[in-house]
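Comments concern the structure below.
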Amino acid sequence: MPTLRGVMDTYAVYGNSEGPRRDIKATKTADYREVNQVTDATMVKLKISSKVGKTIDKLCDKGNQLDDVYATRGESSFRRGVIRNYDVPRNEDSDDDESLHYADMDMLDHKIMAGNCGEMGDFAESIVAAVNQDRVANGLPHIPAVYAEWPGDHHFMVLGDPREKPANECVTVDGWVMRPSAHTLDNSAFQSGTTYGSSTRQVSEDYLDKQFSKRSLNSIEREVLGDTLTNSQRREFYYDKAKEQIRNHEFKLWDHQYADANADVVQYYRSPRQEDINFDYLPRAEKNRKSDEHADARRSGLQRAVTGQPGMRDVAVGLAGLVAGMVLDRR
């Protein structure tokens, strides 16, 4: 099993850490490139933010982001429902009719590793607290961290306190967006009207070095559903549950790709000791994988559920019910 530190260090090869400059292509269609001059201290925050955001993206399922619902074929919405303390009924054959609740359990404790922006923000807050702990132990200054609440119902972390420092010296940490990247607050999509609260989160000294993984689905199913489903049953369950939740508007699906405010600009950052870095970098293989996931979602019926259109399986089930009703009416 990986450690948080190990996963974070993986991103040193992507041109967003202390590595040498890399000539990389922009990851989105944009009219022009913009280079932002920042201080060396702000560049450190940008690098930490990039590593934290991409680590969360690799480890967690975002239950209301379109790409993750598609990538997990509905499973992420199920995990999200469990961690958000929704009532998830047990298997009908179980003697226990109660629903499970996780209100008093920390996300890492039960290892579901899922949720929406709030859970991603909590996870980021823990990692940043551990990074700060490491920095202080190595004689480096503590970086103020605040928890941010945007009025459009979004939560994220900020390195640096915007109540005390200008926006171009504060950096967002947002693992919820589908292309986690690092940006100064003045370039962030979630700046206007945001309120901030100081972070006081404490973590254990070995937090970054602990081995961990997501709690297995078999374990979740055994506890939530009362037994373990076969793989085919599992997929049918997630498909149906996800489509039902989406069609009933139980939550909104988002397709928020980047953390920066202007989709027409590719943002680069430069400091006195560091040449240009583009933190939105995404390998081509990752782009291709996302494309495959969307194609699979179309085949599975999830995309039709998102657009409110019934799939063939849903039509067949509806027709079967209609025929059964007509037969019963004749009796």
Can you tell me which residue is surrounded by the most Cβ atoms within 10 Å (Cβ to Cβ) among those in segment 234-291 that are of a type in the set (Asp, Glu), modelled with pLDDT of 75 or more and farther than 27 Å from Glu34 by Cα?
Asp240
Taking segment 159-189 and keeping only residues that are open to solvent by less than 20 Å² (accessible area, probe 1.4 Å), without any contact (Cβ under 8 Å) to a residue 60 or more places away in the chain and in a loop (DSSP other than H, G, I, E, B), one is left with Asp161
Do you know which residues across segment 139-158 are open to solvent by less than 20 Å² (accessible area, probe 1.4 Å) and either free of Cβ contacts under 8 Å to residues at least 60 places away in the same chain or assigned to a strand (DSSP E or B) (or both)?
Ala145, Val146, Ala148, His154, Phe156, Met157, Val158
Across segment 190-206, what is the total count of residues that are open to solvent by less than 70 Å² (accessible area, probe 1.4 Å), out of contact with any helix residue (DSSP H, G or I) (no Cβ under 8 Å at 6 or more places or on another chain) and farther than 19 Å from Pro162 by Cα?
1
Taking Asp209 as meeting all but one of (1) surrounded by 14 or more Cβ atoms within 10 Å (Cβ to Cβ); (2) touching a helix residue (DSSP H, G or I) at 6+ places or on another chain (Cβ under 6 Å), write down the number of the exception.
(1)
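Do we find that Gly121 is over 24 Å from Val38 (Cα atoms), surrounded by 22 or more Cβ atoms within 10 Å (Cβ to Cβ) and in contact with a helix residue (DSSP H, G or I) (Cβ under 6 Å, 6 or more places away or on another chain) in this structure? Please lay out each step first, then the result.
Working: over 24 Å from Val38 (Cα atoms): yes; surrounded by 22 or more Cβ atoms within 10 Å (Cβ to Cβ): yes; in contact with a helix residue (DSSP H, G or I) (Cβ under 6 Å, 6 or more places away or on another chain): no.
No: the conditions fail for Gly121.
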For Thr230, the lone unmet condition from (1) more than 18 Å from Ala71 (Cβ to Cβ); (2) surrounded by 20 or more Cβ atoms within 10 Å (Cβ to Cβ); (3) among the β-branched types (Val, Ile, Thr) is (2)
Give the number of residues within segment 241-275 that are assigned to a helix (DSSP H, G or I) and of a type in the set (Val, Ile, Thr).
1
Picking from Gly197, Gly193, which residue would you name as being assigned to a loop (DSSP other than H, G, I, E, B), under 24 Å from Pro144 (Cα atoms) and modelled with pLDDT of 80 or more?
Gly193
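The values are calculated or read from the model by the stated rules, or taken from the named source; none is laboratory data. Here the structure is a predicted model, which is why all the values come from computation and not from measurement. We place every Cβ from the backbone using ideal geometry, glycine too, and count neighbours over all the protein chains shown. Protein only, heavy atoms only, side chains kept; ligands, DNA and RNA dropped before computing areas. Shrake-Rupley method; radii C 1.70, N 1.55, O 1.52, S 1.80 Å.
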